[in-house]
1. Tell me the carbon and sulfur percent of the accessible area for region 86-216, rounded to whole percent, probe radius 1.4 Å.
2. In the set [x] 1.14; [y] 0.99; [z] 1.02, which value of Rg/Rh (Cα atoms, Kirkwood Rh) was calculated from the structure you see?
3. Explain nothing, just the number: dipole magnitude of the chain about its Cα centre with +1 on each Lys and Arg Cβ and -1 on each Asp and Glu Cβ, in debye rounded to the nearest 20.
4. Rounding to the nearest 10 and keeping the result within 0 to 90°, find how far the Cα-based axis of helix 106-119 lies from the longest principal axis of the chain.
5. In degrees from 0 to 90, rounded to the nearest 10, what is the angle of the helix 67-83 Cα long axis to the longest principal axis of the chain?
6. Accessible area per residue for the chain in Å², computed with a 1.4 Å probe and the full protein assembly in place, what is it?
7. List, in order, the whole-Hz ³J(HN,Hα) value for each residue of region 168-178 obtained from phi through the Karplus relation with A = 6.51, B = -1.76, C = 1.60 and θ = phi - 60°; use x for Gly and Pro.
8. With a ≥ b ≥ c the root eigenvalues of the C-alpha gyration tensor of region 36-95, is it rounded (a/c under 1.5), prolate (a/b larger than b/c) or oblate?
Amino acid sequence: MSETSLQHIAIIMDGNRRWAQRENLTPLKGHLQGVEPIKETIRYCVNHNIPYLTLFAFSTENWKRSPDEVKGLAQLLTSSILKYLHFLISNKIRLHIIGDLKPFPAVLNKAFNKACEMTKNNQGLNLILAINYGGKKEILKGIKTLFENYHTSEKKLDQDLFTSHIHNMKETDFEQYLESSAFPPPDLMIRTGGVQRLSNFYLWSSAYSEIYFSNVLWPEFNTEELKKAIAHYSSMKRRFGS
């Protein structure tokens, strides 16, 4: 399998806090150190014409962390997107957000809305940041949207017809209600940090993703580690259950 068939890489960037602990630093220092591998990974995707890259930046479960760490992460996200906005524009990268930004401070919402607006016409890499995102929440939101559309539709179905409609619904019919349906499913999912689980990330769209678990903590992830993951992907024969 050649790299040219690789359309979408999704990464769970795990290990910032463990790296910081190992180096006797604060968790926020670990998150700050994790910015450089993000830039390096983005550059690789741009240079190798990989059209989609998703980075799991903040999960719905991350709110369980200490208020100071959450506040620091929000500030880091805000400052980073403003600092590297020119980088996105100059490299023709289009920014997308999946997840719910509303619980974050207004300054973060303003910064990311600005970045999405200013890059919306870019035709290069689609950079998808999953922020306050959870796979279960995405599916539940899709179900709620489906029912809300039914109740507000001008062509309401009666209960029996609606039940029949749901009964005969295909996977592709439901996918349109998911945020992730705007992008092709990940071909390759990478998780760093030596942990082997998906942690509520892209639960629907990763059904047939190839998964590569790296033992490297995210702040130490680099192009060579990314190449190892891509080599793993290239060695696989994807049959999609056939």
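The values are calculated or read from the model by the stated rules, or taken from the named source; none is laboratory data. Since the model is a prediction, treat every value here as computed from it, not as a measurement. Glycine also receives a Cβ, built like all others from the backbone with ideal geometry; neighbour counts cover every protein chain displayed. With ligands, DNA and RNA removed, areas are computed over all heavy atoms of the protein, side chains included. Shrake-Rupley method; radii C 1.70, N 1.55, O 1.52, S 1.80 Å.
1. Values: 3970 of 7530 Å².
The C+S portion of the solvent-accessible surface of region 86-216 is 53 percent.
2. It is the one labelled [y].
3. On the way: 30 positive and 24 negative charges, 89 e Å.
Charge dipole, the chain, about its Cα centre: 420 debye, nearest 20.
4. Taking the Cα atoms of the chain, the angle to 106-119 is about 80 degrees.
5. So the inclination is approximately 90 degrees.
6. On the way: 13330 Å² over 242 residues.
Dividing the accessible area of the chain by its residue count gives 55 Å².
7. My calculation for region 168-178 gives 9, 5, 9, 4, 5, 5, 7, 4, 4, 8, 9 Hz in order.
8. Values: a/c = 2.97, a/b = 1.90, b/c = 1.56.
Prolate, since a/c reaches 1.5 and a/b exceeds b/c.
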